[in-house]
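Structure first, commentary second.
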Amino acid sequence: MKEKAREIVSKMTLNEKASLCSGADTWRTKPVKRINFPQILMTDGPHGLRKQIGKADNLGVNISSPATCFPPAATTANSFDRELLSEIGAAIAEEALSEKISVVLGPGVNIKRSPLCGRNFEYFSEDPYAAGELGTAIINGIQSKGVGVSLKHFAANNQEQFRMVGNSAIDERALREIYLAAFEKAVKLAKPWTVMCSYNKINGSFASENKRLLTDILRGEWGFDGVVVSDWNAVNDRAAGVSAGLDLEMPASGGFNDKIVAREVKRGNLEEKTLDKSTERLVELVLKSQENLRENYEFDAEAHHKLARKAQAESAVLLKNDDNLLPLKKGAKVAVIGQFAKENPRYQGAGSSRINPLKLDNTYDELIKLGVEAIYYGGENPEEITQLAAKADVVLVFAGLTDDYESEGFDRSTLALPAAHNAMIEAAASANPNTAVILQCGAPVAMPWLTKIRGVLLAYLGGQAGGGGIADILTGAVNPSGKLAETFPLAIEDTPCYGNFSNGDLSVEYRESVFVGYRYYNKIDKPVLFPFGFGLSYTNFEYSDFSADENSASVTVTNCGNLAGAEIIQLYVSAPENSKIYRPAAELKNFEKIFLQPGESRSISFALDRRSFAYYNQAAGKWAVGSGEYVLSAAASSRDIRCSAKVKIAGDGKENLLKNQQNTIFYNLPQSGQLNVPDSDFETIYGGKLPPRRRAANAPLDTNCTLEDVKHKRLGRLMQKIITKKTNDIYGATYDGQTIDEGFRRMTEATQMETPLRAYSMMSEGLMPPARLDGLLLIMNGKIFRGLLKLFRTI
């Protein structure tokens, strides 16, 4: 196929090759009509399809074709079930084939650096091993059917604030061990057809033109041979992007960037052979896609709905179950409280991943179908809740985060639930201690009422069949087996990146380095609400007969209870106590989920390799291993170690290259209070002076300025007025026939004010081409004559 791609490209003109490197519209690549070369269709995922059928947009506002809405990654990650993720991927691919979609935009394997990231519901975990394994599984499932994926968002896109213009300042070791590792695993094991670069800068260079990221690491080190596509409107300098390894710009940019690419080739600033390589990769993608398209492909919608229900049931996490309150006893009178239970279930996140579901279950109706004697109240009046709760044997309160609390486009400012939801829980608990809370949210939340209730079932976001999956667990039809793929902290001030996340800075400093999530909390024994890997079951499991060496580990697990159930066994590796390199207390290196009947035992084996013991050595520029006695542990959670064994590993001595770091705070993290890393210590591991955190007040306006930056200028206010009108025209006032909710309003407003002017230029349909934007900026910078001359040019 590569040879055929080269042959096709050899027949193209320079302009045709340049044109192929940008989209035809929001979702399609360009054809080359002269030689009858076709285009392909891609669409948003990652937990279903968002194929738009009306006005196109990249934020999930306008209507899309109905599709199965599976639980998003934040939910399915808690299943720790590779096979389940692969099944979901295959089902999504079947629906893609029915819509003649060649590439699904997902999965996202970005790390959950902070629980407040507004888009965390799209991502798997705070742990790179878990994210990489689960991302690999869903990619394998999708691509097994002949549909491609776009692994995203590459890389270090860990907050929504200023995501299109911000810089992630990360030391090389943290970049490799935490933020690139999941991408590396997925690229090497699953071979995604495409990788999507992120919006942000990484250490001063936009991802869309970061040669070290897109070519040296992705292709040179990891062997990626697919297409690199931009996130929508992520391109800063198109010619620089081609040179760096960005093959496809999406969406359409009005043809302006195509002309710029061709011009730079003619001027000798961009080698044509570099353009040829990008074009050949794009042609190969199209050929591969066309090979797998089928006419009148049909899928089993009911089977997919059942799979979505299974995914919710296997992914929900039982956090508390005092006195075995759950499952519900037969004949119990149950009060069901909260709109999330019936009229308004929260089953997915807001933004570009928002799916128009084929159908939508709710938990109350599903409980009734399963024979539960239940009364429902959807209001928020504390007196009515108290009266209803007092008459019930068990109270189920459905609460969580609404779309205006978490969404693409903005980050949360607090761990708190909406006040009305906390009030519902408090009212129910005051009248009846047999209260269980069912949480529907895409990220960790605070639980100030935890000691006043007897049960908590964390459903996360359950997809279209989530109501049935929750009902299955509540009634005991399914034994809960999910475990947390992220830590629930006690307070946001406890998080290692507190003060260095979504704080208004354009350059965000990842001062915690490798100490992300449980790697930080467990290093200093900081109390948490619920630890990484935690989850209860209706049965109990015992671990025994643990053994380990440098190549493998094995453990026997026994179901000691009276119910069949599944257990997720986690394998952690701890570095030697006398390590000369700062290391987390333990790191997840494998996991396995097994289903056991009562009394059944099974031996589980885990494979290990040299990388299982390695750290990234910045000075050597490679992965390295320190000598010493490592501890391998089989665990039920990161803080519930059941069995351990020591293994001696011969290292390579590379740690001696990092002696300059040994006096930094990372070797002796404070045991209490917030993590405040001194400038000098972070600069030592970062490798130089840090970039300015914010834009200088007197800095000239440029194309990476936002509407917020230019609104003090008369021309800037005019631009804002025009762009606001255009935005309203695109997004309209409704979604699927209903008025846009507060979450959509917050998302679009935040996105509008934080989008760089260069992106608006590409979206302007010729109203504000690149040269005209340059002219307007010159005028706003006081260079009126030069600006006026530019207004009459396009590129």
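The values are calculated or read from the model by the stated rules, or taken from the named source; none is laboratory data. Keep in mind that this is a model prediction, so the values were computed, not measured. All Cβ positions, glycine included, derive from the backbone under ideal geometry; neighbour counts span all protein chains shown. Just the protein is used for accessible areas: all its heavy atoms, side chains included, with ligands, DNA and RNA removed. Shrake-Rupley method; radii C 1.70, N 1.55, O 1.52, S 1.80 Å.
Just one of the listed residues (Ser205, Ser243) is open to solvent by 20 Å² or more (accessible area, probe 1.4 Å) and within 22 Å of Gly621 (Cβ to Cβ), namely Ser205. Has segment 86-95 got any residue that is open to solvent by less than 40 Å² (accessible area, probe 1.4 Å), within 23 Å of the chain's Cα centre (by Cα) and without any contact (Cβ under 8 Å) to a residue 40 or more places away in the chain? Scanning segment 86-95, I find no residue that is open to solvent by less than 40 Å² (accessible area, probe 1.4 Å), within 23 Å of the chain's Cα centre (by Cα) and without any contact (Cβ under 8 Å) to a residue 40 or more places away in the chain, so the answer is no. Beta carbons closer than 6 Å, at least 6 apart along the sequence or on distinct chains, pair a first residue in segment 653-672 that is basic (Lys, Arg) with a second that is at pLDDT 95 or above for Lys654/Asn617; Lys654/Ala620; Lys654/Ala624. Would you say Phe70 is within 24 Å of Gln440 (Cα to Cα) and either out of contact with any Asp or Glu (no Cβ under 6 Å at 6 or more places or on another chain) or not acidic (Asp, Glu) (or both)? Considered against the rule, which asks whether it is within 24 Å of Gln440 (Cα to Cα) and either out of contact with any Asp or Glu (no Cβ under 6 Å at 6 or more places or on another chain) or not acidic (Asp, Glu) (or both), Phe70 comes out as yes.
With respect to (1) among the charged types (D, E, K, R); (2) in contact with a strand residue (DSSP E or B) (Cβ under 6 Å, 6 or more places away or on another chain); (3) over 24 Å from Ser198 (Cβ atoms), the lone exception for Glu742 is condition (2). In segment 582-602, which residues are open to solvent by less than 20 Å² (accessible area, probe 1.4 Å) and among the hydrophobic types (A, V, I, L, M, F, W, C)? Listed by number, the residues that qualify are Leu588, Phe591, Ile594, Leu596.
The sole residue among Leu439, Leu396 that is under 30 Å from His153 (Cβ atoms) and not in a helix (DSSP H, G or I) is Leu439.
Kindly provide the set of residues from segment 334-367 that are surrounded by 16 or more Cβ atoms within 10 Å (Cβ to Cβ) and of a type in the set (A, V, I, L, M, F, W, C), ordered by number. Val334, Ala335, Val336, Ile337, Phe340, Ala341, Ala350, Ile355, Leu358, Leu367, listed by residue number.
Per the conditions (1) assigned to a loop (DSSP other than H, G, I, E, B); (2) within 26 Å of the chain's Cα centre (by Cα), the sole criterion not satisfied by Phe340 is (1).
If Gly469 meets every condition in (1) in a helix (DSSP H, G or I); (2) more than 26 Å from Tyr667 (Cβ to Cβ); (3) open to solvent by 10 Å² or more (accessible area, probe 1.4 Å) apart from one, which number is that one? Unmet condition: (3). Considered as a group, the residues in segment 368-417 that are within 23 Å of Asn321 (Cα to Cα) and among the acidic types (Asp, Glu) include one that is least open to solvent (accessible area, probe 1.4 Å), and that residue is Asp393. For segment 525-565, the set of residues classified as within 26 Å of the chain's Cα centre (by Cα) and farther than 30 Å from Phe666 by Cβ consists of Gly535, Leu536, listed by residue number.
So which residues in segment 625-675 are in a loop (DSSP other than H, G, I, E, B), closer than 24 Å to Ile604 by Cβ and touching a Phe, Trp or Tyr at 6+ places or on another chain (Cβ under 7 Å)? Ser638, the sole residue that qualifies. Pairs are defined by a Cβ separation below 6 Å, a sequence spacing of at least 6 or placement on different chains, a first member in segment 288-312 that is farther than 26 Å from Asp361 by Cβ and open to solvent by less than 60 Å² (accessible area, probe 1.4 Å), and a second member that is part of a loop (DSSP other than H, G, I, E, B) and of a type outside the set (Lys, Arg); the pairs so defined are Ser289/Ile40; Ser289/Ser102; Asn292/Gly146. Number of residues in segment 327-337 that are within 28 Å of Ala443 (Cβ to Cβ) and in a loop (DSSP other than H, G, I, E, B): the value is 2. Take the conditions (1) in contact with a Phe, Trp or Tyr (Cβ under 7 Å, 6 or more places away or on another chain); (2) closer than 30 Å to Leu490 by Cβ; (3) not basic (Lys, Arg); Pro678 misses just one of them, which is (1).
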